[in-house]
Amino acid sequence: MQDIILMAHGSGGDAMRNLIEKDFIKYLSNPILNELLDSGVFELSERLALTTDSYVISPIFFKNGDIGRLSVFGTLNDLCVVGAKPLFLSLSFIIEEGFPVADLRRILASISQACNESGVKVITGDTKVVEKNKADKIFINTAGIGVIEKHRDWRNRKIEPNDLIIVTGGIGEHGLYIMLERLGVQTDDEVKSDLSNLTDLILGALDRFDQIKFVRDATRGGVATLLNEICSKYGVEIEVYEQDLPMKEWVRNASEVLGIDPIYSACEGRAVLVVGKSQAEKVLEYLRSHPLGKDATVIGKVKSTNVAKVYLLTRIGTRRVLESLKGDILPRIC
Amino acid sequence: MSNLSYIKNLTKLGPEEIQVIVQKIHDLAKDGEYVIMEFCGTHTREISRYGIRSILPKNLELKSGPGCPVCVTADEDIDYLIGIAEKYDLGVITFGDLVNVPGSNGSLNHLRAKGKEVKVVYSPLESIRIALQNPQKNYVMVGIGFETTVPSLAYTIKKIVELGVENLFYLSLHKLTPPAMKALLDAGEIKLDGIIGPGHVSTIVGIKRWQEYLKNYKIPFVIMGFEPEDVLYGIYFLMKKIKNGEYGVFSTYTRSVSSEGNVFAQNLVDEVFDVSDSVWRGLGVIPKSGLELKPKYSHLDARKKFALDEPVKVRKTACRCGEVLRGVLKPYECPLFAKVCTPTNPKGPCMVSSEGTCAAYYLYENS
Ligand code: SF4
């Protein structure tokens, strides 16, 4: 019979110790974690960043990733965009009773690989098991800690009119791809999530340029929602050019079929940067020289400090407000 | 839906060509007042999203029609659904938007908050998986949508029978669009010079079906695609027909729409459903505008299986979606619009659905 997760695996007893010792340590081994203390203990004495995020996705395994890889990269991206070099992660699972142990191992192997690729360590973790139907298969929470070197800290740079808005690659890919998966659509190889670890790309940019004034990765709510966040946080007006939004052909087609606007669709490997005009071209050149930034594009600019709104100049020459995402993003049924 | 290749040849016009088309529309509309209705909610949304009204002549009015499946779902149907879910402890499986539509006693979302099982699925086949995983519980799958969505649901129903799933029932709230278009014209409440025909629906039903329904009306009906270029070119084409006094069914969505439509999909639907009368929000009962399961599948029919103790009594609200759907009221003429009623706190289905007219105006034309 297939091994499945039982309530006992989360009860703190022997079954749980077995799971931790056999599987978690096997995949995630490192000196801090292996101490198996109640907290991972380490020393740091610099400017730090701490972030946390929970990951809930269906399907949990997809073409070029899974919930494990997502839960590592998502948190690394949140760290690097504030200029932090990620060091340590915490990792917590909420697992539905009956979840196959083989799938859990597959997720752990994927987390381990994602950590190795990125040079970060999981130093503490937790597992809870909940009754059948009280969770959808598996939820993961990760927290991450990173150090910010002073020159990478952009927080005090002032956003001004004429600053340019750059996105590091094609928009809307993760959200639309996952939607197609959920609908059971057969897709070509090129149709996949943009899930990636942005650390190298972003820290590299922050090392080279001192006119990068804002960086954030576009996740749920897509690029449109992120731009609205910039507007309301800094009280600036942003203008975006629809024609310049980088978009893969399949994204365009899928969005027409599903009736979902890619500008609201989630990314998992794209960042938006606000850059002073004088360095924008050089920043773009650098981003494009990196494999994760080869489709980087200027998509708009900061217009004024009069109104905190985003406007979209459409490809047919009209101009309208670009709102943040309201409610859920759902395929049309019309 | 199995591949995306059929729309690979998007006709993309450049900005100069767009300019020319817009100018031509202005020239055609120079003298007189014109009213055009777009039937379909996706057109409504795209027209708002691209600010198309802002570049059209002031004397050419675009009215939005009833082409939003969630919006036209009647209050009594939502109340019935919530009623049977509570009375029989049914799990409800549905497509997205419907969960937010307020009925007389709250929405499906409220039902879920009260601890009842309400599942939103993307593909109707997921309903089978859910039912099989929880054999001790009865589920009702809500069949909502126009001709475009019905084929995949017909397929699901055949699968339910094939696999012998015993705890999954079906509530058909499907609506057919040509009868509704005809009913709207017959009501004569609004004067229309031309109609923008729905693209996706026509891909399934074909040009012929519209011709059957509209043969006695002297009005041009042009089926268009959904890209802004499609819409502008289509409006230009429609204005030419109006000015020349030509009427009938035309299509500028040639990359997707044929005369016969998708015969495979039509046959699939005919195998599973019979045409029935149906209640539309705002339009009332429209003869032969809905679908019910054929007798062969009636053991799956939630309406036959689950009865309420007394018929639902719909509580009247201040929402004026009915009038919006008939094209007699603009969203901003509703006193609740953007004040009390917003997409995050919708008071009616037209603000809930992404294809709803109130939502389109709120999101894209409310600056
Ligand atoms: S604005 Fe809200 S309340 Fe008014 S008609 Fe539209 S949905 Fe109904």
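The values are calculated or read from the model by the stated rules, or taken from the named source; none is laboratory data. Treat the numbers as computed from the prediction; the structure is a model and nothing was measured. Neighbour counts are summed over all protein chains in view; Cβ atoms, including those assigned to glycine, are modelled from backbone coordinates with ideal geometry. Each accessible area value is taken on the protein alone, full model and side chains, heavy atoms only, with ligands, DNA and RNA left out. Shrake-Rupley method; radii C 1.70, N 1.55, O 1.52, S 1.80 Å.
Rounded to the nearest 20 Debye, what is the dipole magnitude of segment A:264-334 about its Cα centre when Lys and Arg each give +1 and Asp and Glu each give -1 at the C-beta? Don't jump to the answer; show the numbers that get you there.
Values: 13 positive and 6 negative charges, 67 e Å.
Result for segment A:264-334 is approximately 320 debye, rounded to the nearest 20.
For the pair residue B:132 and residue A:56, how long in nm is the line joining their label points, each one 7 Å along Cα→Cβ?
Roughly 2.6 nm, to one decimal.
For segment B:126-283, with all protein chains present and a 1.4 Å probe, just round the carbon and sulfur fraction of the accessible area to a whole percent.
Numbers: 2930 of 5840 Å².
Looking at segment B:126-283 in its full context, I get 50 percent from C and S.
Kindly identify chain B as rounded, prolate or oblate by the Cα gyration tensor criterion: order the square roots of the eigenvalues as a ≥ b ≥ c, call it rounded if a/c is under 1.5, otherwise compare a/b with b/c, prolate if a/b is larger, else oblate.
Numbers: a/c = 1.98, a/b = 1.55, b/c = 1.28.
Cα axes put chain B in the prolate bin.
So, for segment A:7-152, what is the accessible surface per residue at a probe of 1.4 Å, expressed in square angstrom?
Working: 6780 Å² over 146 residues.
Each residue of segment A:7-152 exposes 46 Å² on average to a 1.4 Å probe.
Anything over 29 Å Cα to Cα? Flag those among B:304/B:347; A:134/A:309; B:215/B:288, in the order listed.
The answer is B:304/B:347; A:134/A:309.
Calculate the FRET efficiency for residue B:159 and residue B:323 from the Cβ-Cβ distance with a Förster distance of 45 Å, rounded to the nearest 0.05. Don't skip to the end; give the middle numbers.
Values: r = 40 Å, r/R0 = 0.89.
It comes to 0.65.
Relative contact order (percent) for chain B, with alpha-carbon contacts under 8 angstrom and 6 or more residues of separation? List each step's numbers first, then the result.
Working: 656 pairs, mean separation 84.4, N = 367.
It comes to 23 percent, rounded to a whole number.
Using each residue's phi in segment B:53-59, evaluate 6.51 cos²θ - 1.76 cosθ + 1.60 at θ = phi - 60° and report the 3J(HN,Hα) Karplus result to the nearest Hz, with x for Gly and Pro.
Coupling constants for segment B:53-59: 4, 5, 10, 8, x, 4, 8 Hz.
Pull up the cross-link candidates among the aspartates and glutamates for residue A:282, meaning alpha carbon to alpha carbon under 15 Å and not fewer than 8 places away within one chain.
A:163, A:207, A:210, A:295
Would you please name the trypsin sites (Lys or Arg not before Pro) within segment B:20-75 that are DSSP coil residues with at most 14 other C-beta atoms within 10 Å of their C-beta? Kindly include the intermediate steps, with their values, before the conclusion.
Values: sites: B:24, B:30, B:45, B:49, B:53, B:58, B:63; in loops: B:30, B:58.
Loop-located and lightly packed - B:30, B:58.
Under the rule of at least 5 residues apart or a separate chain, name every residue whose amide H is placed under 5 Å from the amide H of residue B:141.
For residue B:141, the qualifying residues are B:93, B:169, B:170, B:171.
So if R0 is 25 Å, what FRET efficiency would residue A:207 and residue A:64 give, r being the distance between their Cβ atoms, rounded to the nearest 0.05? Numbers along the way, then the final one.
On the way: r = 28 Å, r/R0 = 1.12.
According to the calculation, E is roughly 0.35.
Between rounded, prolate and oblate, where does chain A land on the alpha carbon gyration tensor, with a ≥ b ≥ c its root eigenvalues, rounded for a/c under 1.5, else prolate if a/b exceeds b/c? Can you show the working numbers first?
On the way: a/c = 2.32, a/b = 1.45, b/c = 1.60.
Because a/c hits 1.5 or more and a/b fails to exceed b/c, chain A counts as oblate.
How high is the relative contact order of segment A:164-321, in percent, with contacts defined as C-alpha pairs under 8 Å that are six or more residues apart? Before the final figure, lay out each step's value.
On the way: 311 pairs, mean separation 69.6, N = 158.
It rounds to 44 percent for segment A:164-321.
Compute the separation of the alpha-carbon centres of segment A:72-97 and segment B:15-46 and state it in Å as a whole number.
Cα centroid to Cα centroid, the span is 50 Å.
Cut-off under 20 Å on the C-alpha distance; same-chain residues fewer than 8 positions from residue B:87 excluded. Which aspartates and glutamates are left, in chain and number order?
Answer for residue B:87, where 20 Å is the Cα cut-off: B:75, B:76, B:77, B:79, B:117, B:166, B:301, B:309, B:310, listed by chain and number.
Once you have a ≥ b ≥ c as the square roots of the Cα gyration tensor eigenvalues for segment A:209-334, tell me rounded if a/c is under 1.5, and otherwise prolate or oblate according to whether a/b is larger than b/c. Could the numbers behind the result be given before it?
Numbers: a/c = 1.76, a/b = 1.27, b/c = 1.38.
Here segment A:209-334 falls in the oblate category.
Do you know the relative contact order of chain A, to the nearest whole percent, from alpha carbon pairs under 8 angstrom that are 6+ apart? Before the final figure, lay out the partial values.
Details: 715 pairs, mean separation 72.0, N = 334.
RCO, chain A: 22 percent.
Just in segment A:225-334: which trypsin sites (Lys or Arg not before Pro) are loop by DSSP and have at most 14 other Cβ atoms within 10 Å? Provide the component values of the computation, followed by the final result.
On the way: sites: A:233, A:248, A:252, A:270, A:277, A:282, A:288, A:294, A:301, A:303, A:309, A:315, A:319, A:320, A:326, A:332; in loops: A:248, A:270, A:294, A:309, A:315, A:326, A:332.
For trypsin sites (Lys or Arg not before Pro) across segment A:225-334 that sit outside H, G, I, E and B with at most 14 neighbouring Cβ atoms in 10 Å, the list reads A:294.
Which of the GluC sites (Glu not before Pro) found in segment A:1-75 are loop residues per DSSP with 15 or fewer other Cβ atoms within 10 Å of their Cβ?
Details: sites: A:21, A:35, A:43, A:46; in loops: A:35, A:43, A:46.
Passing both the DSSP loop test and the Cβ count: A:35, A:43, A:46.
Express in whole angstrom the spacing between the alpha-carbon centres of segment B:255-299 and segment A:284-299.
Measuring centre to centre over Cα atoms gives 50 Å.
Just the accessible area per residue of segment A:164-321, please: how many Å² with a 1.4 Å probe?
Numbers: 5560 Å² over 158 residues.
Here the per-residue accessible area is 35 Å².
Between segment B:132-204 and segment A:27-47, what's the alpha-carbon centroid distance in Å?
56
I need the phi-derived Karplus couplings for segment A:188-199: 6.51 cos²θ - 1.76 cosθ + 1.60, θ = phi - 60°, integer Hz, Gly and Pro marked x.
With coefficients 6.51, -1.76 and 1.60, one gets 5, 4, 5, 7, 7, 6, 8, 3, 7, 8, 8, 3 Hz.
How far apart, in nanometres, would the label points at residue B:270 and residue A:304 be if each is projected 7 angstrom from Cα along the Cα-to-Cβ direction?
The answer from the label model is 6.1 nm.
Around residue B:286, under 9 Å between beta carbons, what's the net of Lys plus Arg minus Asp minus Glu among the other residues? Please list the in-between numbers first.
Numbers: positive: B:175, B:182, B:288; negative: B:277.
Net of charged neighbours comes to +2.
To the nearest 100 Å², how much accessible surface do chains A and B hide from each other in total, with a 1.4 Å probe? Numbers along the way, then the final one.
Values: alone 16150 and 16780 Å², together 29210 Å².
Chains A and B together bury approximately 3700 Å².
Applying the Karplus parametrisation 6.51 cos²θ - 1.76 cosθ + 1.60 with θ = phi - 60° to the phi angles of segment B:77-87, what ³J(HN,Hα) value in whole Hz is obtained for each residue in order, glycine and proline being reported as x?
Here the 3J(HN,Hα) series is 5, 5, 4, 4, 4, 5, x, 6, 4, 6, 5 Hz.
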